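The values are calculated or read from the model by the stated rules, or taken from the named source; none is laboratory data. It should be emphasised that the depicted structure is a prediction, and the values quoted were computed from it without experimental measurement. Cβ: placed from backbone, ideal geometry, glycine included. Neighbour counts: every protein chain shown.
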Ligand code: PBG
């Protein structure tokens, strides 16, 4: 059964997905929260964004709420690497305990920030590099899907309002959907990173989330920017597997795909203005070549013009100050 009601379940998701124009209600603020971290550090290239412990994150969310931000994309970071959703679940529980239905907490669901190898998947061999020194990893898809589905369930049980798988593994949306449904979480929406390109523009993020691959790169599972059909098919596939919202990333390299994907899937399609895009504006401004705030606003306006239903951006918390209306 298609469950269209997931996208209408709360006032926050209704505002995220309804209507035209630009408002803070259509912006999603990423937050990086690390288990047990005592002092916050500002993220290089992402001015105004911090890697925080839970206490600092609660204060940050409170101040973001005062700026009308209601949607957050949580990147839970463990104190020590290891394949387990536990630290993420604790962070989610602490945030939801404090804010309840005042926020919609999307949780980036991936293995790369918890994996010692920094990849979004698990491998058949313990050390894929031993394979003749070849960097072509040997992905264990079955084990990867199982791990992702268990992360998603643990996050939902801890109070996540939405699951956002960012790994690009074949079959992960279906695996997550079925694990959620079997455990009475069929009301939890999945926002799939459905068309995600292998990109140079994730640099500041990988520092922030400490998630650079220890070997090789992500081209085995992320899409080649030259392949339009592959890019569109990846989103259609996520729609077929049961995604409720689709998301294209980096936003800038996906502008032309918004409208065809929306037409083909009839699902809400958003963009992620990724770390490198945000940092690029900052660098321009630092060199005196642009006004940061005006440039940021301009990019959001273009995303909306191109048909993005929502925008994940490191500047969501600045939007109200830039004159973007709350609703
Ligand atoms: C994890 C993930 C990444 C981003 C979001 N989730 C990094 C990657 O795939 O390498 C990038 C976000 C950004 O650059 O702002 N899979």
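Of the listed requirements (1) farther than 17 Å from residue 211 by Cα; (2) modelled with pLDDT under 95, residue 78 misses just one: (1).
Just one of the listed residues (269, 225) is closer than 29 Å to residue 315 by Cβ, surrounded by 24 or more Cβ atoms within 10 Å (Cβ to Cβ) and more than 9 Å from the ligand (Cβ to nearest atom), namely 269.
Only residues that are surrounded by fewer than 24 Cβ atoms within 10 Å (Cβ to Cβ) and within 15 Å of the ligand (Cβ to nearest atom) were counted across the stretch 236-251, and they come to 1.
Being within 12 Å of the ligand (Cβ to nearest atom), under 19 Å from residue 140 (Cβ atoms) and modelled with pLDDT of 95 or more: is that true of residue 172 here? Answer is yes for this residue.
The requirement of being buried (at least 21 other Cβ atoms within 10 Å of the Cβ), within 13 Å of the ligand (Cβ to nearest atom) and more than 21 Å from residue 13 (Cβ to Cβ) is fulfilled somewhere in the stretch 100-112, by at least one residue.
Being in a loop (DSSP other than H, G, I, E, B) and in contact with a strand residue (DSSP E or B) (Cβ under 6 Å, 6 or more places away or on another chain) is true of residue 267.
Among the residues of the stretch 214-255, the ones that are over 18 Å from the mean Cα position of the chain (by Cα) and not in a helix (DSSP H, G or I) come to 10 in all.
Residues that are surrounded by fewer than 23 Cβ atoms within 10 Å (Cβ to Cβ) and in contact with a strand residue (DSSP E or B) (Cβ under 6 Å, 6 or more places away or on another chain) within the stretch 198-222 comprise just one, 222. Within the stretch 272-311, restricting attention to residues that are within 15 Å of the ligand (Cβ to nearest atom) and under 14 Å from residue 195 (Cβ atoms), the residue that is farthest from the chain's Cα centre (by Cα) is 274.
Scanning the stretch 209-222 for residues that are within 11 Å of the ligand (Cβ to nearest atom) and in contact with a helix residue (DSSP H, G or I) (Cβ under 7 Å, 6 or more places away or on another chain) gives a single hit, 212.
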